[in-house]
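> Just dropping this structure here.
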Ligand SMILES: NC(=O)c1ccc[n+]([C@@H]2O[C@H](COP(=O)([O-])OP(=O)(O)OC[C@H]3O[C@@H](n4cnc5c(N)ncnc54)[C@H](O)[C@@H]3O)[C@@H](O)[C@H]2O)c1
């Protein structure tokens, strides 16, 4: 088992990564002290993993809340359902919520925990690659609004993240590839050596080699934990984690959150950020081509022709990253050298959108 720490003073917490952690009573006894527990999961993940999780929680009052599966259910009304279950069972402030599932379950369970009685403890038990490397760490919780993705939410840190890598065995291949987009993102943000490693080990990752996956999760979480530790509330550096996301969110909202997986949109968004960086004279053509080749090998999309460039631009303008009317972007001087800026040539953005959108 690998243990990392997210260092946030009194809100610090461990990230545990390992095979078979889900069923380990000793792990949960140590990291989850509450007696009353609500497991929030969904109709896909619950039948697969809730029984093992329950076995790891003897001598506790355990209630389950099983949500419908899918990003389209990541709404305030679904969160209200979680809160209804907490109220109906008279759970007090000393209870804990356990999020068992991917990023959608994690974001909603975390948000319900942030709101219920002004904040109760919650534990992330992520079961997708994307959730294990990204969404379970860092305390961003929330839901979508018809007007935009993740527009409603709160910062609320979990008390522990328990990532059982064995759960990835049942993950559909498309979901695995979507998670790889976020892994590639970390290399691009600040770790060229890790990017090189992903290039060399992509086949092992796609084949779900346990050692390769454990290393990719470990390295990704270490990078995210360090950035969140420096800037919990996204006043500076944390915005680097949005690399590819402003373009990606535009794809997701323009297509109604239905067709594209979040990680797929991020994958295409990463290449758009690279193209934009090249158009601004920052990134070499060789680095852009390396990224495009890696994304293609990973089976990730590199363009979104079904979305008009003008429509994409409109969606980017209502993104949360807009400040004083200007879209802030994460750009790169090269692989592993990203930075946040609102100072760029508008022509470069127009050319980037035209190169990747319809
Ligand atoms: N909070 C954050 O910091 C943050 C960061 C990145 C993404 N997100 C959010 O995360 C969400 C995407 O998360 P996701 O990619 O995990 O999607 P998801 O939660 O929808 O899970 C993907 C699919 O895989 C299924 N699944 C989950 N685990 C499984 C398993 N082990 N075996 C078989 N099937 C399994 C799910 O039921 C679902 O159908 C988006 O809503 C995004 O906004 C949040």
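The values are calculated or read from the model by the stated rules, or taken from the named source; none is laboratory data. None of these values were measured; they are calculated from a predicted model. Using ideal geometry, Cβ is built from the backbone for each residue, glycine included, and neighbour counts are taken over all protein chains shown.
For (1) more than 25 Å from residue 154 (Cβ to Cβ); (2) at pLDDT below 95; (3) within 16 Å of the ligand (Cβ to nearest atom), each residue gets a yes or a no:
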residue	(1), (2), (3)
16	no, no, no
31	no, no, no
61	yes, no, no
66	no, no, yes
69	no, no, yes
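> Considering only residues of segment 80-114 that are in a loop (DSSP other than H, G, I, E, B), more than 9 Å from the ligand (Cβ to nearest atom) and in contact (Cβ under 8 Å) with a residue 40 or more places away in the chain, which is nearest to residue 178 (Cα to Cα)?
95
> For the condition in a strand (DSSP E or B) and surrounded by fewer than 21 Cβ atoms within 10 Å (Cβ to Cβ), what is the one hit in 10, 64?
Sole residue among the options that is in a strand (DSSP E or B) and surrounded by fewer than 21 Cβ atoms within 10 Å (Cβ to Cβ): 64.
> Something else about it: May I ask you to say which residue of 271, 240 is within 15 Å of residue 186 (Cα to Cα) and in contact with a strand residue (DSSP E or B) (Cβ under 7 Å, 6 or more places away or on another chain)?
Within the list 271, 240, the selection yields 240.
> If you don't mind, another one. Please work out which one of (1) within 12 Å of the ligand (Cβ to nearest atom); (2) buried (at least 16 other Cβ atoms within 10 Å of the Cβ) is the condition residue 47 fails and give its number.
Answer for residue 47: the failing condition is (2).
> Considering segment 121-149 alone, what residues qualify as being more than 9 Å from the ligand (Cβ to nearest atom) and surrounded by fewer than 24 Cβ atoms within 10 Å (Cβ to Cβ)?
Selection gives 121, 145, 146, 147, 148.
> When you go through (1) surrounded by fewer than 18 Cβ atoms within 10 Å (Cβ to Cβ); (2) part of a helix (DSSP H, G or I); (3) more than 11 Å from the ligand (Cβ to nearest atom) one by one for residue 152, which number turns out not to apply?
For residue 152, the exception is condition (2).
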